[in-house]
Amino acid sequence: MDMHTVVVGTSGTSAADVVAVARDGARVALSPEALAALAHAREAVDALAAKPEPVYGVSTGFGALATRHIGPELRTQLQRNIVRSHAAGMGPRVEREVVRALMFLRLKTLCSGYTGVRPEVAQTVADVLNAGITPVVHEYGSLGCSGDLAPLSHCALALMGEGDAEGPDGTVRPAAELLAEHGITPVELREKEGLALLNGTDGMLGMLVMALADLDRLYTTADITAALTLEALLGTDRVLAPELHAVRPHPGQAASAANMAAVLAGSGLVGGHQDDAPRVQDAYSVRCAPQVAGAGRDTLAHARLVAERELAAAVDNPLVVDGRVESNGNFHGAPVAYVLDFVAIAVADLASIAERRTDRLLDKNRSHGLPPFLADDPGVDSGLMIAQYTQAALVSELKRLAVPASADSIPSSAMQEDHVSMGWSAARKLRTAVDALARVLAVELYAATRAVELRAGLTPAPASAAVIAALRAAGVEGPGPDRVLAPDLELTTEFVRSGRPVEAAEQHTGPLA
């Protein structure tokens, strides 16, 4: 296999593989061990299907209808019906990368050898991914228990040659047409297989993995923007000394402080400048930046641990274990839902402290000599006044997004499924929160770079200067008379999302945490 192929085995997958398939279009292949495990588990299902005793998921109905025994002549229809009936999503389509992550993670569980599907079912999932076919999945429909039922059902529907899907060219068409064009035979589901395609936490897990990948970059960017603001406010970097952080040994805090110190190394703006209102200490939003960002980093570390455990899991109900088919509750999304909500809280707080730093840069009473709103001709020019309004609106939205979804539960399935996780909802709002955080940090970066450039006669740190130069090279203009801000803010947001502040700073700092 070449470097662009992800091989799916029996023992889970990695976060990097999820991102490669979901975002980078990596191809997928099944390992020989996975094919053997699939065949072995299927033998057990076929043996149980031949017995007269009812077995859940094999020869019974589902959920509150599990008491009915289904004869062999109706079992294909049973599996087809569960997919059709559960494909009940509504609302806008979710993003292509989310659907690809969803399908890849379901394939990961199928290949574990615990689900009992035939090898050809798993191979069809891989073939659809490799063909660039993306089933249409809708925003609403999952309660996060029994996993992401409705989203996974829409994916399974496409495997059957039903419903709609997006082709490699981005056009939505009937799934049957797309499968035929790529030489993929629709699957005819047999015992257990419809259920196995639906019962997993794959959507919420895929969104968690991708959010963590984005937040790794954004948290480092936040350390850079905080350092630039500290420079622009003529603050002190003495609070970043490693011995101060060693006495409160939170690893995230130490990492953020080290990042800020590295960015500020060699700065001519920090440490010695006093104005008409001498400061004994900088404001909390500046002085406590490592503590807040560091707490978020440690939150991400916990979420990453939960994600790694879930990536190693086989989530299905029932499971094929030692030749038996056993019901279980492993599909419940609580472990993933909790950390999705936990991360959303950290994201909201990181955005909040960044907005407070931005506001300080714009207020002539607290900015230590900078012009009001960083305007060219205050009064004639409004400067960045309304950029901070936009940032404040985003932070307010982030606070609402920090309200936990996992604290809610709505019973379903005639009270059989009487406690659910709402993990899909937690994941959807976290995606919105990550997008908003990038925009909030972009506003701080936009303001801080302008403020540093307005400190005439003082030389910023080499790393800071590199970030400013890279932003200007990206087409974002520096100080000057008022102009339409929206294009600059969008360019800065894309600059932040792409990781270019980190790349520019690391030219002088070396690798940042």
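The values are calculated or read from the model by the stated rules, or taken from the named source; none is laboratory data. Computed from a predicted model, the values in this text were never measured in an experiment. As a convention, Cβ positions derive from the backbone with ideal geometry for all residues, glycine included, and neighbour counts pool all protein chains shown. Please note that ligands, DNA and RNA were not included when accessible areas were found on the heavy atoms of the full protein model with its side chains. Shrake-Rupley method; radii C 1.70, N 1.55, O 1.52, S 1.80 Å.
Some values worked out for this structure:
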item	result
Estimated [θ] at 222 nm from DSSP helical runs (n ≥ 4, -39500 (n - 2.57)) normalised by residues in the chain, nearest 500	-17500 deg cm²/dmol
Rg to Rh, two decimals, where the stretch 354-496 supplies the alpha carbon set and Rh follows Kirkwood	1.16
Overall form of the chain per C-alpha gyration tensor (a/c, 1.5; a/b vs b/c)	prolate
The stretch 9-164 shape via C-alpha gyration tensor axes, a/c threshold 1.5	oblate
Nonlocal amide H pairs with residue 7, under 5 Å, H built at 1.01 Å	29
FRET efficiency, residue 33 to residue 96 (Cβ-Cβ, R0 35 Å, nearest 0.05)	0.75
Antiparallel DSSP beta bridges within the chain, percent to nearest 5	70
Linear extension gain, residue 244 paired with residue 298, 0.36 nm per residue minus alpha-carbon span	17.6 nm
Euclidean distance of C-alpha centroids, the stretch 341-408 and the stretch 196-233, integer Å	19
Cβ crowding within 10 Å averaged over residues, with 344-354, 132-142 ranked highest first	344-354, 132-142
Inter-label distance, nm, simple model (7 Å from Cα along the C-beta direction), residue 413/residue 5	3.8
Exposure ranking of 236, 390 by accessible area [1.4 Å probe, largest first]	390, 236
Solvent-accessible area, 1.4 Å probe, carbon plus sulfur percent, for the stretch 131-228	50
The stretch 340-421, accessible surface, carbon-and-sulfur percent (1.4 angstrom probe)	56
Residues of the stretch 305-342 with amide N under 20 Å of the 7 Å Cα→Cβ point at residue 435	340-342
Accessible surface, the chain, averaged per residue in Å² (probe 1.4 Å)	40
